[in-house]
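What follows is a single structure, written as structure tokens, with notes after it.
The values are calculated or read from the model by the stated rules, or taken from the named source; none is laboratory data. Worth saying up front: this structure is predicted, and the values here are computed from it rather than measured. Methodologically, a virtual Cβ is constructed for each residue, glycine included, from the backbone with ideal geometry; neighbour enumeration extends over all protein chains shown. The protein model used for the area step is the full one, side chains on, heavy atoms only, and it has no ligands, DNA or RNA in it. Shrake-Rupley method; radii C 1.70, N 1.55, O 1.52, S 1.80 Å.
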Number of protein chains: 2
Amino acid sequence: MNIKEKIFLDEEEIPKEWYNIQADMPSLPEPPLNPMTKEPAKPEDFAPIFPMEIVRQEMTTERWIPIPEEVRDVYRLWRPTPLYRAKRLEERLKTPARIYYKWEGVSPPGSHKPNTAVAQAYYNMKAGVERLATETGAGQWGSALSFGAMLFGLKATVYMVGASYDQKPYRRIMMETWDGEVYRSPSKNTEYGRKVLAEDPNTSGSLGMAISEAVEDAATHDNVNYAIGSVLNHVVLHQTVVGLEAKKAFEMIDEYPDFICGNVGGGSNFSGATFPFVADKLTGKRPDLKILACEPMSCPTLTKGLYLYDYGDTAGMAPILMMYTLGHTFIPPPIHAGGLRYHGDSPLLCKLVKDGYIDAAAYHQTEVFKAAKLFAETEGHIIAPESAHEVKAVIDEALRCKEEGKEEVIFFNNSGHGHFDLGAYDVFLQGKLVDYEYPVELVKQALENLPKIE
Amino acid sequence: MNIKEKIFLDEEEIPKEWYNIQADMPSLPEPPLNPMTKEPAKPEDFAPIFPMEIVRQEMTTERWIPIPEEVRDVYRLWRPTPLYRAKRLEERLKTPARIYYKWEGVSPPGSHKPNTAVAQAYYNMKAGVERLATETGAGQWGSALSFGAMLFGLKATVYMVGASYDQKPYRRIMMETWDGEVYRSPSKNTEYGRKVLAEDPNTSGSLGMAISEAVEDAATHDNVNYAIGSVLNHVVLHQTVVGLEAKKAFEMIDEYPDFICGNVGGGSNFSGATFPFVADKLTGKRPDLKILACEPMSCPTLTKGLYLYDYGDTAGMAPILMMYTLGHTFIPPPIHAGGLRYHGDSPLLCKLVKDGYIDAAAYHQTEVFKAAKLFAETEGHIIAPESAHEVKAVIDEALRCKEEGKEEVIFFNNSGHGHFDLGAYDVFLQGKLVDYEYPVELVKQALENLPKIE
């Protein structure tokens, strides 16, 4: 009898509701603050850049939020995604552990990002918005938003971090194929961008800068809103389709994970895939579930950051969030996992780390690419460097199971393919990949720029 | 009630046998000839470059060939592939036709090519072969063979057409990630390559040249065999998993196509996807089934070529095949669908065209990319320029159905994604794509170099 390698749900089993972990958290994070008044943000503070339904979802503590039929209908283009059993990886590691992964690389943009892009585009379309502005690091989010906006008849303007814009022309062209308008950030299209360029015409940009440009574009134009790919509550909410599908698939095969992990940039991949499982830990159903957040050593927000109020963006225009942060002016070393180069993290995720429900670990990129190579050799898929962080954690856990002779069930969300990251694979294969030590001095400097809260 | 957009078979329904159309053809093509003696090729003529089981499969007329369990086990990494209903494309075209496509872009190398790469690697491994040599045009086949060889512990050496090697570094890196060794062809690694380089050091190569290099590499080394990505009977045979799965999926939803089509480079995509349906036409079960082979206007083998004996490769080392050909020395204009730039076609496919069972049509690349853009806008997936040829045919057929008010069922195999073809999309989006007229003079010249057969 062959082990089944892929578990597929029926299309009808695409979740009908998103899961909001706030309903089950013993204590909630401190509220976001208005960056001008430094008072707790009110719904109307978000109104210049978000439609009201998104603002409602950002603030609600209801457990289940219905997914509009029009959004589910777009999800059908690639969802439900398969749950894979990584049989060949297990065999190579000679581990008694059973390794499962959800494969989000089958979506047209190639990652989990469209799960929220499509939802955000839908609510903006319903609100009469004509254009969405956003930032993108590695390009996954900008691709997803261009794709989502196009499907609901909206225009998308994407501020792409300069370094990625130069290194990843294919990501730019992908966005343009889906009618996205892409600017190299910092750009001359915004006041903030012009200011940064005046100070340093050769800057390669950062995610924080690009966020500032997109927020400014949205705030200063009528019928233009902002869309964000991670960090905020509504984004995390939309991503729970991943974890909810995974839970259903595990039920079908009568398994439940002992260990789950995910890579963390702003937290949407991690949270979307794990929160439906974290719920079982919070409610006491699975008190022993081990949960690990994986991040890069050069941007170790959860493992080295401070838990306090900081701006979500570099310019200080975005809401002030209670989170682990390395300082909003911190610009991480240029690792290849561009999607993980963010100074903060989702406040919900941070609070759960702070309260001890979730552990965190940081990895160097060389060991991460080694894991990616092993994954390609066994499971075939060439995955994004972001996703490879969790593969590294999974391999470590599987080898621990081998040493201890434990038949654990391991689960992770394989968040995207690495087809546009092959330049980084090339550097790795040539033995030229550089590891960066934790940039402690840069972080210290950045932490001096925190907002002053009374 | 929602229309189901994806039909998935269970993993157990991965076919257990490949289908050999020769069992159902009213008359078979003339046999291949030994390029030296120009006599019908004997099994031993193939022995220097193929393992005996492949040779047997090349020559047999048995209807069903069992698929080894080890090969099915690798297929499980991505098979069965989904059968999609292209609902959004239908809606955009306002056609009463129902459009279905098989999506082979989910395989790790990104196309249908691993269906045969894995099988060939397996039989070579069983025969004790240590290394496989092959050519690649756009890079799809070389990726697939690197992938397949790796999974069975073989080395792979890939001669990559110079133009693609320069334009598509990501394809090269993909092969290297799967441990493939890649040479820019023509290379200094073979006598033939050195000869060509001596005559023209700046040549950008051709598929025919690269085949010659790979065949020489295999023929002149012990424990090294040759693997081919298209044209020959055994390759076409292995690809029938695509059509067999599609037929099963159609049975599940109680549909059967009225019109099927596929793009043709060497014929393996087309034949693999359609032959299980063509069988029904040959045996009289579906006499009215319309079958269209789609090719580029700049390499119009089936629509403008001559049906006669010609070499499979440029150097005249490969078997002489009875097929439609533009002449083995013909080098097509540099269109972006690199996988379709081959002077000949599968003898089985050619014979079925010759005997009137299959029609053919040729398209310019601008109209092909327009079709690809429309597909990306509606179905989301950014597809290979090769696959876009059939999408162009499908759109034409769907619009004809609209004009005539006919509810036809249309099927095509979407053979691969276009993630490494975004450079070509960029040229198209900028309005800079060039169409090439049918190079009639070049073909005339090439047809003067046909082998002399008594």
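Ignoring ligands, DNA and RNA, how do B:Arg92, B:Arg72 rank by accessible area with a 1.4 Å probe, largest first? Working shown, then result.
Working: B:Arg92 115, B:Arg72 5 Å².
The residues order as B:Arg92, B:Arg72, largest area first.
Calculate the dipole size of the protein assembly as shown relative to its Cα centre from +1 charges on Lys and Arg beta carbons and -1 charges on Asp and Glu beta carbons; express the result in debye to the nearest 20. Intermediate values should be presented prior to the final figure.
Details: 94 positive and 128 negative charges, 13 e Å.
That gives a dipole near 60 debye.
Got a sec? Charge dipole of chain B, +1 on Cβ for Lys and Arg, -1 for Asp and Glu; which of B:Gly431, B:Ala372, B:Ala273 is way out at the positive end?
B:Gly431
Net charge around A:Phe330, counting only other residues with Cβ within less than 14 Å of its Cβ (Lys, Arg = +1; Asp, Glu = -1)?
On the way: positive: A:Lys304, A:Arg341, A:Lys444; negative: A:Glu295, A:Asp310, A:Asp313, A:Asp345, A:Glu441, A:Glu448.
Net local charge, A:Phe330 excluded: -3.
What fraction of the DSSP beta bridges in the protein assembly as shown is antiparallel, stated in percent and rounded to the nearest 5?
DSSP beta bridges in the protein assembly as shown are roughly 35 percent antiparallel.
Between copies, how far apart are the A:Val440 label points? List them in nm, one decimal, shortest first, with each point 7 Å from Cα toward Cβ, please?
Nearest to farthest, the other copies are at 7.8 nm.
Taking a 18 Å limit on the Cα-Cα distance, which of the listed pairs B:Lys4/B:Lys392; A:Lys4/A:Lys102; A:Lys373/A:Lys432 fall beyond it? Don't skip to the answer; put the middle values down first.
Numbers: B:Lys4/B:Lys392 24 Å; A:Lys4/A:Lys102 14 Å; A:Lys373/A:Lys432 15 Å.
Listed pairs above 18 Å: B:Lys4/B:Lys392.
As I understand it, the dipole of chain A uses +1 on the Cβ of Lys and Arg and -1 on the Cβ of Asp and Glu, about the Cα centre. Which of A:Ala121, A:His417, A:Ala446 lies farthest toward its positive end?
Farthest along the dipole direction, towards plus: A:His417.
Express in Å², to the nearest 10, the accessible area of A:Tyr436 obtained by rolling a 1.4 Å probe over the protein heavy atoms while all chains stay in place.
For A:Tyr436, the solvent-accessible surface is approximately 70 Å².
Only four residue types carry charge here, +1 at the Cβ of Lys and Arg and -1 at the Cβ of Asp and Glu. Report the dipole size of the stretch B:114-228 about the Cα centre in Debye, rounded to the nearest 20. Write down the numbers at each step before the final one.
Working: 10 positive and 13 negative charges, 49 e Å.
Roughly 240 debye, rounded to the nearest 20.
Rolling a 1.4 angstrom probe over the protein chains, ignoring ligands and nucleic acids, what is the accessible area of A:Ser298 in square angstrom, nearest 10?
0 Å²
Within the stretch A:137-208, report the trypsin sites (Lys or Arg not before Pro) that DSSP leaves as loop and that have at most 15 other Cβ atoms within 10 Å.
When the trypsin sites (Lys or Arg not before Pro) of the stretch A:137-208 are filtered for loop state and at most 15 Cβ neighbours within 10 Å, A:Lys188 remain.
If you place +1 on the Cβ of every Lys and Arg, -1 on the Cβ of every Asp and Glu, and leave all else neutral, what size is the dipole of chain A about its Cα centre, to the nearest 20 Debye?
Details: 47 positive and 64 negative charges, 126 e Å.
Computed charge dipole of chain A: roughly 600 debye.
Can you compute the helix-only [θ] at 222 nm over the protein assembly as shown? Use -39500 (n - 2.57) per DSSP H run of at least 4 residues, normalise by all residues, nearest 500 deg cm²/dmol. Write down the numbers at each step before the final one.
On the way: 36 runs with 370 residues, N = 908.
About -12000 deg cm²/dmol.
So how exposed is A:Trp18, as accessible area in Å² (1.4 Å probe, rounded to 10)?
Approximately 0 Å² for this residue.
Return the average number of partner chain Cβ atoms within 10 angstrom of each residue Cβ along peptide B:165-177.
4
Describe numerically, in nm with one decimal, the distance between label points set 7 Å from Cα along Cα→Cβ at B:Thr366 and at A:Glu70.
Placing both labels 7 Å along Cα→Cβ, they lie 3.6 nm apart.
Could you give log10 I(q)/I(0) at q = 0.12, 0.13, 0.17 Å⁻¹ for the stretch A:261-398, computed by the Debye formula over C-alpha point scatterers of equal weight, without solvent?
So the normalised log intensities work out to -0.47, -0.55, -0.90.
Once you average over the residues of B:377-385, how many Cβ atoms of partner chains fall within 10 Å of each Cβ?
Numbers: counts 6, 3, 2, 12, 5, 10, 0, 0, 0.
Shielding by partners across B:377-385 averages 4.
Could you tell me which of B:Asn189, B:Ala315, B:Pro82 has its Cα farthest along the dipole of chain B towards the positive end, charges placed at Cβ (Lys, Arg +1; Asp, Glu -1), taken about the Cα centre?
B:Pro82
How many percent of Cα pairs in the stretch A:1-151 exceed 27 Å? Working shown, then result.
Working: 4433 of 11325 pairs.
When every Cα pair of the stretch A:1-151 is considered, 39 percent fall beyond 27 Å.
Whole angstrom only: what separates the Cα centroid of the stretch B:152-214 from the Cα centroid of the stretch B:32-99?
Between the Cα centres of the stretch B:152-214 and the stretch B:32-99 lies a distance of 24 Å.
P(r) tail for chain A, what percent of Cα pairs lie past 27 Å? Please report the intermediate quantities before stating the final value.
Details: 49813 of 102831 pairs.
Roughly 48 percent, once rounded to a whole number.
For A:Thr81, B:Thr37, give me the order by solvent-accessible area with a 1.4 Å probe, most accessible first, ignoring ligands, DNA and RNA. Intermediate results must be reported in sequence, preceding the final value.
On the way: A:Thr81 0, B:Thr37 80 Å².
Solvent-accessible surface, decreasing: B:Thr37, A:Thr81.
Heavy atoms only, probe 1.4 angstrom, no DNA, RNA or ligands counted: give me A:Leu145, A:Leu447 ranked by accessible area, highest first. Let's see the in-between values first.
Details: A:Leu145 0, A:Leu447 40 Å².
Largest accessible area first, the residues go A:Leu447, A:Leu145.
Taking each label point as 7 Å beyond Cα in the direction of the beta carbon, state the distances from B:Val409 to the same residue in the other copies, shortest first, in nm.
The projected label point of B:Val409 is separated from its counterparts by 3.8 nm.
Could you list, in their original order, any pairs among A:Lys248/B:Lys6; B:Lys16/B:Lys42; B:Lys87/B:Lys402 whose Cα atoms are separated by more than 22 Å?
B:Lys16/B:Lys42
The protein assembly as shown: Rg/Rh from Cα coordinates, Kirkwood Rh? Spell out each step's value before the answer.
Working: Rg = 27.6 Å, Rh = 28.2 Å.
So for the protein assembly as shown, dividing Rg by the Kirkwood Rh gives 0.98.
What area, in nm² and to one decimal, does the C-alpha convex hull of the stretch B:114-228 cast on average over all directions?
On the way: hull surface 24.2 nm².
Across all orientations, the stretch B:114-228 yields a mean hull projection of 6.1 nm².
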